[in-house]
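Here the structure is laid out as structure tokens; the discussion comes afterwards.
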Amino acid sequence: MLRKFKFTKQQDLTSNTQLATNESGLSYILIKNQHAEAAIALFGAHVLHYQAKDKQPLLWMSHTSAQDGSKPFRGGVPICWPWFGPAPAEFGSGLPAHGFARIQTWQLDGVSETEEGTFVHLSFESSAETLEMWPHAFRLEFEVRVGQTLAMSLTTENTGVQDLSVCEALHTYFNTKGTEFVTVKGLGTSFFDKLTKANGTHDGDFKLTEAVDRVYSQPERTVSFTTGYDTIVLDNGGENSAVVWNPWTAAENIADFDSDRWQTMVCVETCVTGEGQTVSAGDEHTLSTVIRYS
Ligand code: TA6
């Protein structure tokens, strides 16, 4: 299922789902149903693997990713929350990039089976530890549906008494046959280029021909791209931006990113960036994506 991941079954959760642990004791939900197979770690509520019947694995995973909870997983679908990129200075120094949700162990609230597929519900809420990093009370709920499509929705509930603002991302790493096959549609024309630190525009589709790290500020609801295997469609909700990332040869400088495998990945991310999303006290906001084959 996942190269280099060794699992030991702990218990059956449903007829299609097991709870398992790896050699470091991290817990995983392993799913195999009539539509697809998948693996989700409780550490980070991280979807590591999804493969629909008769398809290639959808998600790229680094073979050198940490698997012991000492770092976020490199690959799959990291959840960036409550900030995207480096921590805002107002919260202090030494805070983890892309927030803390991807390096905390989430709670498994339930697994259910339907005709559409297997639904997994995970949650994570504020604690003394999170309040030290970010001064807001919250509850996060992550629902994953493993069916003919991979559907993920991340709901932020403001359980405090003041407004809060979050930036967030479903930072999905996709498998590709090669960079030359990747053309992305629906990104819109305006972006901020994190490599040159400049705003830019382009007309037409985006072609992956060099290192890229762009935040597109006006993407369409539906973003699609070719991988060389398939055309993948993302039906997004609750986002205000889309990010495209491939480090190219700079992958060599990223310790847990296989230096020779950037050619077979691209991140196409569903995000809230910039000013963020305000969530009033008692209110909630959902960021979602349904990933399907066209
Ligand atoms: O989404 C793209 C990005 O923000 C890049 O700037 C790059 O650093 C990447 O995420 C990975 O970040 P990470 O903290 O996981 O190394």
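The values are calculated or read from the model by the stated rules, or taken from the named source; none is laboratory data. Because the structure is predicted, anything quoted here is derived from the model rather than measured. Cβ: placed from backbone, ideal geometry, glycine included. Neighbour counts: every protein chain shown.
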TODO: Hey, can you tell me all the residues within region 94-120 that are surrounded by fewer than 16 Cβ atoms within 10 Å (Cβ to Cβ) and either among the basic types (Lys, Arg) or more than 16 Å from the ligand (Cβ to nearest atom) (or both)?
DONE: Thr105, Gln107, Asp109, Gly110, Ser112, Thr114, Glu115, Glu116
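Yes/no per residue for (1) buried (at least 18 other Cβ atoms within 10 Å of the Cβ); (2) among the aliphatic types (A, V, I, L, M); (3) over 26 Å from Tyr50 (Cα atoms); (4) under 21 Å from the mean Cα position of the chain (by Cα):
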{"position": "Glu141", "(1), (2), (3), (4)": "yes, no, no, yes"}
{"position": "Val161", "(1), (2), (3), (4)": "no, yes, yes, no"}
{"position": "Asn175", "(1), (2), (3), (4)": "yes, no, no, yes"}
{"position": "Val182", "(1), (2), (3), (4)": "yes, yes, no, yes"}
{"position": "Leu187", "(1), (2), (3), (4)": "yes, yes, no, yes"}
{"position": "Leu208", "(1), (2), (3), (4)": "yes, yes, no, yes"}
{"position": "Gln218", "(1), (2), (3), (4)": "no, no, yes, yes"}
{"position": "Thr222", "(1), (2), (3), (4)": "no, no, no, yes"}
{"position": "Gly237", "(1), (2), (3), (4)": "no, no, no, yes"}
Open item on the list: For region 39-67: of the residues being over 23 Å from Leu13 (Cβ atoms) and not small (Gly, Ala, Ser), which is farthest from the ligand (Cβ to nearest atom)?
Closed with: Asp54
Open item on the list: at pLDDT 95 or above, within 16 Å of the ligand (Cβ to nearest atom) and not hydroxyl-bearing (Ser, Thr, Tyr): is that true of Trp83 in this structure?
Closed with: yes
Task: Residue selected from region 193-206 under the condition of a type outside the set (A, V, I, L, M), surrounded by fewer than 17 Cβ atoms within 10 Å (Cβ to Cβ) and in contact (Cβ under 8 Å) with a residue 12 or more places away in the chain, by the criterion farthest from the ligand (Cβ to nearest atom) - done: Asp203
